[in-house]
Amino acid sequence: MWGVHTLCTQGGQHTLCTGATHGRSVPILPLCCDSFFHPPLSFLPLPLSFLCPFLSFICLFLSFLCLFLSSASFFPLPFSFFHLPLSFICLFLFFLLCLFFASFFFLCFMSFFLSFFLLCLSFFLSFFCAFLTFLFAFLLPLFFFHLPRTDVMMVTPWLAPIVWNGTFDIDILNAQFHKRDVHIGLTVFALKKYTVFLENFIETAEKYFMVGHKVHYYVFTDRPQDIPSLSLAEGRTLDVTEVTSYKRWQDVTMRRMQIISENCLQRFIFEVDYLVCADVDMIFSDHVGVEILSDVFAAIHPGFFQANRKKFTNERRPRSHGFIPKDEGDYYYTGCYFGGTVEEVYKVASFCHNALWHDESYLNRYFLYYKPTKVLSPEYVWNNYYGSSVYVPSKRFVHVEKDYVRIRSD
């Protein structure tokens with residue numbers, strides 16, 4: 001039979017006693033000031049109980065560290081450490097945070113010595129910091145930053161950049177080139193019936209090519225009387241030079257390289273800083289700016305940018321000076337679009353004009369041993385013959401559809 005419960009004091013310790021028969025007091029449960037905030041039992045030894053406040057502060061420290069690193073990826077800080085992939089660091093810290101949360105809550109609900117206030121505060125701050133970490137590291141960059149592309153190769157094995165859509169900031173580049181007052185030359189050959197393509201070429205170039213920069217169009221033609229009168233923006237000029245025509249289109253192509261190399265020494269070196277060489281039977285359909293400029297750049301052929309090097313249509317005859325073995329070659333470059341500084345373009349053109357046939361094999365031979373300092377993705381030389389590609393959302397410089405037999409005939 002149970003008696004009345006009383007509060008007993010013995011040896012300075014307060015106990016809850018029951019008044020049983022025979023006048024004896026039997027202690028039932030020690031009293032604690034935190035007994036209203038925690039479960040009445042603890043299966044943890046005393047040293048582990050003292051770890052609870054320590055673990056709560058570790059949780060807070062990891063939360064703030066995770067928040068600091070992730071915010072650094074959103075608000076740039078002048079520390080070289082932040083050039084590391086911060087998202088991976090934040091994910092790792094967030095994983096550690098979750099582990100500490102698990103041990104933290106286990107100890108919290110099994111301990112006598114952690115106050116309810118510290119528990120709530122630590123949980124709230126840790127959760128809030130974890131939420132901000134996710135916000136800074138993953139959500140805000142999606143809306144405010146152009147995240148690097150991961151579906152295509154953006155750097156060559158020799159560390160030259162490959163220019164794709166979304167891999168450059170044109171405003172920064174424009175500011176740099178404007179400060180240098182750069183002049184860009186664009187050479188184009190409109191021979192025979194190819195003069196019909198010149199008007200669209202120049203009109204689209206005025207709309208998309210090096211907008212806001214000083215551009216000199218160098219038109220070489222055997223029919224100067226067929227060149228239309230074109231309206232150009234301020235700071236842009238057009239120079240028409242008459243040249244001799246040839247019967248075969250392959251001869252015309254090879255003669256082009258010779259003319260370019262000769263004019264590099266006679267004119268271009270004194271008039272422009274960079275030279276871009278392009279085919280006339282193409283049109284600009286999207287922005288093409290100073291992001292392409294480098295010491296020497298080449299463009300990946302749209303028909304081979306996903307092909308194995310053994311399928312490249314390089315010169316395979318060992319006796320040819322343009323010979324490339326089947327197991328060699330980085331990319332297959334197109335001959336319709338290349339450029340760079342006048343000095344480097346002169347070297348390319350001088351090498352290629354020694355070819356006995358179409359110069360594209362010689363061009364690839366040259367770039368195999370003298371690597372371009374920048375490579376343009378197929379979006380800069382697209383051909384609709386190859387359809388569409390998920391890797392080429394923006395087609396900047398496109399071949400015009402035409403009847404090759406008719407256009408190349410006399």
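Here is how the numbers come out for the structure above:
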read-out	value
Gain on full stretching of the segment that runs from F323 to D171 - 0.36 nm per residue minus C-alpha separation	50.6 nm
Ranked list, fewest to most other Cβ atoms within 10 Å of each Cβ, for S231, S389, S261	S231, S389, S261
Neighbourhood charge, 13 Å Cβ-Cβ cut-off, centred on F304 and excluding it, Lys, Arg +1 and Asp, Glu -1	+1
Local net charge near D295, Cβ-Cβ under 11 Å (Lys/Arg +1, Asp/Glu -1)	+1
Total formal charge among the other residues, if their Cβ is under 15 angstrom from that of S231, Lys/Arg +1 and Asp/Glu -1	-2
Least to most buried among C264, C352 (fewest other Cβ within 10 Å first)	C264, C352
Order of R267, R365, R180 - criterion: other Cβ atoms within 10 Å of each residue's Cβ, fewest first	R180, R267, R365
Virtual spin-label span in nm between M154 and Y404, 7 Å along Cα→Cβ	3.6
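Computed from the coordinates by the stated procedures, all read-outs in this text should not be read as laboratory data. What you see is a predicted model; the values in this text were computed from it and never measured. Every residue, glycine as well, gets a Cβ built from its backbone with ideal geometry; the counts of neighbours run over all protein chains shown.
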